Structures are given as structure tokens and as C-alpha cells.
Amino acid sequence: MSTIEERRAVAMAGVDGAADGFATRIFLQPIAAPSILGLFGFAAATFIVAANVAGWYGNHSTTPLVLAPFAAVFGGIAQFMAGMWAYRARDAVATAMHGMWGSFWIAYGILNILLAAHVLTAPTPWYHDSAFGFWFFALAVITGSGALAALAENLGLFSVLATLSVGSALLAGGLIYGSHGLVTAAGWVLVASAVLAWYVATAMMLAFAGGRTVLPLGKYSKAANKPGGKPTRPIELEWAEPGIKMGQ
């Protein structure tokens, strides 16, 4: 018997049991959309670090040490927690992407702590660090997989993950081969990904706050993309779980 069939059988058993004098209790634990927090954490951390990488402000020796605590807590811990809450919402894409990038930002904070404590030596020049470059190689590949999966949800999330994957790939190549031009280009692409993440998170927050679409996310339902339309379908019986809806 499959999982769905098992759940239906349990639900029907509960109904029959109620007729025989037995009571069945169902506890619902609805949660807010975790990706709102996760995307805001990602957007903020990525923007401040990528802007520095692109050369918009600061330097590449002391500035990252100042940025690291914020990136590790907001982009790391908060986003990782959002990924675990997305697990409860049964959103596989959000669980993987927030969990992975939250872990990265935590590791980024630890790396900068080790650099500040002189446990590790900063590379010279700063844009040639093969070991760190392979971090982004792995991130680019997995994020690319997430971008493909996000196509099933909406174009807004796809755009965030697609630009993030491209930016990570450029940064991987630049760090591995010591190309300042590639690293700078990666910074610009990652800033674009951060801006798109801010837009998607803002659109989700406004939709959940007002119950209507304010900023379209490129969903495949025309009604969901129309300002003033309802962004989500009504709560319905799904897999014999009253009030539970998959996703965010």
C-alpha cells in the first residue's frame, strides 16, 4: 500500500471509528512562508558581499571581516532555519536552496574568523584562491539544479536561482584561475541575484499580508500574476490531511 493510500485508509478508519464512539483528533500547525525570511536573509548577505567583490566599496582585506558577522547570522543562521521550516512546509526546492546557502554563509563567517585570528593566511592576490573557488563550483552546480526545479513553481524564483548559479560559476572560475575580470563580473551578477531575491521576498510578503497579488512572480496561473488577484488556491483536503497545503 502506498503512502497516500495508507493515509486515506487511516482517515477513513477515523471516520468509521467516530461512528462507533471513538474520537479522532487532528492537530494543525500552519506556518508562515519560510522563504520570505530565507530570501531576505540571502538578499541582504549576498548584496553586501557581492558589492564588495565587484569593487563598489571598501577593500578586500579588512572589509570582508566586517561583513562576515552579518552575513553569517542573517544570511547563514536565519536562512538555514528558513530552510528547515520549508521542510515542514514540504517545499523541496526551498529546503535544499535555503539549507545549502544558509550553510555556506555560516561557513563564510567561520572562514573569516579563522582569517582574522591568523589561523589561515589570506591569499595573495585576494582574487586567486583555488580552494575557495571550488566552494563556488559546488554551489553553482547544485543551485543550477534548483533553478531547473524552480521552473515548476514560478519564473521569479527561477530568475533568482539562475543568476545565482551563473554568478557562482563565474566566481568559481575567477578564483580558481586568478582572473580579476571574472571575479568582478561575478560580483555584478550576484548583486543582480540579490535584487531579484529581494523582489521575490517582497512580493511574497505583500501577497500573504493582503491576501492579494501586488507584485507578480511569474506563476503559471494568470489569476495569480494579476495585481489584485488571489495568489494561492484555497485550503483543501489533500492526501487526507485537512487544512494542510504543500508548498508556500
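The values are calculated or read from the model by the stated rules, or taken from the named source; none is laboratory data. Every value quoted in this text rests on a predicted model; they were computed, and no experiment measured them. Cβ: placed from backbone, ideal geometry, glycine included. Neighbour counts: every protein chain shown.
Is it the case that some residue within region 114-126 is assigned to a helix (DSSP H, G or I), within 21 Å of Thr95 (Cβ to Cβ) and among the small types (Gly, Ala, Ser)? Checked against the condition, which is being assigned to a helix (DSSP H, G or I), within 21 Å of Thr95 (Cβ to Cβ) and among the small types (Gly, Ala, Ser), region 114-126 yields no hits at all. Confirm whether Gly102 is crowded, with 21+ Cβ neighbours inside 10 Å and in the same structural domain as Val66 (by TED's automatic domain parsing). For Gly102, the condition - crowded, with 21+ Cβ neighbours inside 10 Å and in the same structural domain as Val66 (by TED's automatic domain parsing) - is met.
Among the criteria (1) hydrophobic (A, V, I, L, M, F, W, C); (2) surrounded by fewer than 14 Cβ atoms within 10 Å (Cβ to Cβ); (3) closer than 22 Å to Ala82 by Cβ; (4) touching a Leu at 6+ places or on another chain (Cβ under 8 Å), the one Ala152 does not fulfil is (4). Among Gly144, Gly167, which is assigned by TED's automatic domain parsing to the domain that holds Gly55 and free of Cβ contacts under 8 Å to residues at least 40 places away in the same chain? Selected residue: Gly144, the only one of Gly144, Gly167 that is assigned by TED's automatic domain parsing to the domain that holds Gly55 and free of Cβ contacts under 8 Å to residues at least 40 places away in the same chain. For Pro34, the test of being under 26 Å from Gly156 (Cβ atoms), exposed (fewer than 11 other Cβ atoms within 10 Å of the Cβ) and at pLDDT below 95 is failed.
Could you tell me whether any residue of region 12-26 is surrounded by 11 or more Cβ atoms within 10 Å (Cβ to Cβ), at pLDDT below 95, assigned by TED's automatic domain parsing to the domain that holds Gly99 and over 29 Å from Ala201 (Cα atoms)? No. Comparison of Val119, Val183 shows that the only residue that is touching a helix residue (DSSP H, G or I) at 6+ places or on another chain (Cβ under 7 Å) and of a type in the set (A, V, I, L, M, F, W, C) is Val183.
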